[in-house]
Amino acid sequence: MRFQLTDEQQDFARSLDGLLTAAGTPAVVRSWAAGDPAPGLALWSRLADAGVFALAVPEAYEGVGPLPVELAAAFVELGRHAVPGPVVETVAAAALLGRLADLGDASPAKRLLPALASGGTSATLVAPGGGPYALDADSADLCLTVTDGHELTLASGHHPVVVSADPARRLAVPRPGGEVLAAGPAVTEAAAYALGWARLATAAQSLGVGLTLLEHTVAYVKQRTQFGTPIGAFQAVKHRLADTLIALEFARPLLYGAALTMAPADIAAAKVTAGEAAYTAARTALQLHGAVGYTEELDLSLWLRKARPLRDSWGTPSACRAAVLTA
């Protein structure tokens, strides 16, 4: 089945591409990894003005959502440009809080959602299915945790930051305690719903990362020569690139199909397929760039280092396959 974005959705994706191209995201990523979040926060504000974070927030709380297809299209562009920060976690937090709106006056939605939609507040989230670490807790305004005791807590701080395989992904374990925002079975159900949004956004990011890795690699093999011939002319290189392209294009309809249904099994299938495709693109890029691919000075490294963490974030391949098989 073919899933084709509408003209309006394609225009939205192109506008984000233009915004991020003009922003010079490689410099932003390097600053973020070095512990200087200022350029990244400025870019965050521009993304919020474009409506990216409002896509997961209901209209009743100053959002425009929930619009999962538009969100998937947006996060493909964020992945293509290696945008740093807890973008997935902010969307997941918004989805979780929106699901708790039915709690009425006891819901934290009215208090927190408008600022998430406007970009005035960023959030990171630790919840079942996402592992023990909070991404970029040192830069996020809110650190939310969902415990096994069915409590949604606003953490009061975090333990020292741990740098992951991707220096632009700064990890920390939230400190126990903090303000309890909500509790009970509704929190468990909302966390499961938020996990779906997190997996969908991560799958879209992975697809975008893979597309950029392939684009850079194709450009490189056209100009790199061996024996007086561009290496892209060699049959083995062509086959490797074709396999990478097929993997990415196979992931694309699964992503948008999952965004249409929002069924947990469909999202898990999209997540594992896009994650594996991006990791394949990273391995292809590294091999075909040769020794230069290992250097931090080459911008390619900014995408190479994202592929595997994204593949495992918010559900490892084995966890996602299990979700598909048990649906």
(message) Taking the criterion of being under 17 Å from E249 (Cβ atoms) and out of contact with any Cys (no Cβ under 8 Å at 6 or more places or on another chain), would at least one residue in the stretch 183-196 satisfy it?
(response) no
(message) For the stretch 1-75, give me every one of the helices (runs of 4 or more DSSP H) that falls completely inside it and has 2 or more residues that are at pLDDT 95 or above and more than 26 Å from A165 (Cα to Cα).
(response) 7-23, 38-49
(message) If I filter the stretch 125-143 for residues that are touching a Phe, Trp or Tyr at 6+ places or on another chain (Cβ under 8 Å), crowded, with 22+ Cβ neighbours inside 10 Å, more than 24 Å from L310 (Cβ to Cβ) and hydrophobic (A, V, I, L, M, F, W, C), do I get at least one hit?
(response) no
(request) Could you please find all residues in the stretch 1-47 being touching a helix residue (DSSP H, G or I) at 6+ places or on another chain (Cβ under 8 Å), under 26 Å from A251 (Cβ atoms) and basic (K, R)? (result) R2
(message) Which count do you get for residues in the stretch 148-181 that are loosely packed, with under 14 Cβ neighbours inside 10 Å and among the acidic types (D, E)?
(response) 2
(message) Residue pairs, Cβ under 6 Å, 6 or more apart or interchain, first in the stretch 301-327 and within 16 Å of Q205 (Cα to Cα), second of a type in the set (F, W, Y) and assigned to a helix (DSSP H, G or I). List them.
(response) A307/Y279; R308/Y279; R311/Y279
(request) Considering each of G196, G184, G149 in turn, give the residue that is modelled with pLDDT of 95 or more and under 28 Å from A265 (Cα atoms). (result) G196
(request) Kindly list the number of the only condition in (1) farther than 22 Å from S107 by Cα; (2) in contact (Cβ under 8 Å) with a residue 60 or more places away in the chain; (3) crowded, with 23+ Cβ neighbours inside 10 Å; (4) not aliphatic (A, V, I, L, M) that fails for P86. (result) (2)
(message) Pairs please, first residue from the stretch 225-236 and touching a residue at least 40 places away in the same chain (Cβ under 8 Å), second anywhere and of a type in the set (D, E, K, R) and in a loop (DSSP other than H, G, I, E, B), Cβ atoms under 8 Å, 6+ apart in sequence or on different chains.
(response) I231/R224
(request) Could you give me the residue pairs with C-beta distances under 7 Å whose first residue belongs to the stretch 55-66 and is under 16 Å from A259 (Cα atoms), whose second residue is crowded, with 20+ Cβ neighbours inside 10 Å and among the β-branched types (V, I, T) wherever it lies, and which are 6+ apart or on separate chains? (result) A56/V91; G65/V57
(message) Every residue in the stretch 274-327 that is among the hydrophobic types (A, V, I, L, M, F, W, C), closer than 20 Å to A168 by Cα and either in contact with a His (Cβ under 8 Å, 6 or more places away or on another chain) or surrounded by 21 or more Cβ atoms within 10 Å (Cβ to Cβ) (or both), please.
(response) A278, A281, A282, A285, L298, L300, L302, W303, L304, A307, L310, W314
(request) Look at E249 and say whether it is of a type in the set (D, E, K, R) and under 26 Å from Y133 (Cα atoms). (result) no
(request) Give T244, T284, T280, T273 a once-over and let me know the one that is of a type in the set (S, T, N, Q), in contact with a helix residue (DSSP H, G or I) (Cβ under 9 Å, 6 or more places away or on another chain) and closer than 19 Å to A323 by Cβ. (result) T273
(message) I need the full set of residues from the stretch 13-57 which are of a type in the set (G, A, S), buried (at least 20 other Cβ atoms within 10 Å of the Cβ) and touching a strand residue (DSSP E or B) at 6+ places or on another chain (Cβ under 9 Å), in order please.
(response) A54, A56
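The values are calculated or read from the model by the stated rules, or taken from the named source; none is laboratory data. What you are looking at is a predicted structure, and each value in this text was computed from that prediction instead of being measured. Positions of Cβ are backbone-derived with ideal geometry, glycine not excepted, and every protein chain shown enters the neighbour counts.
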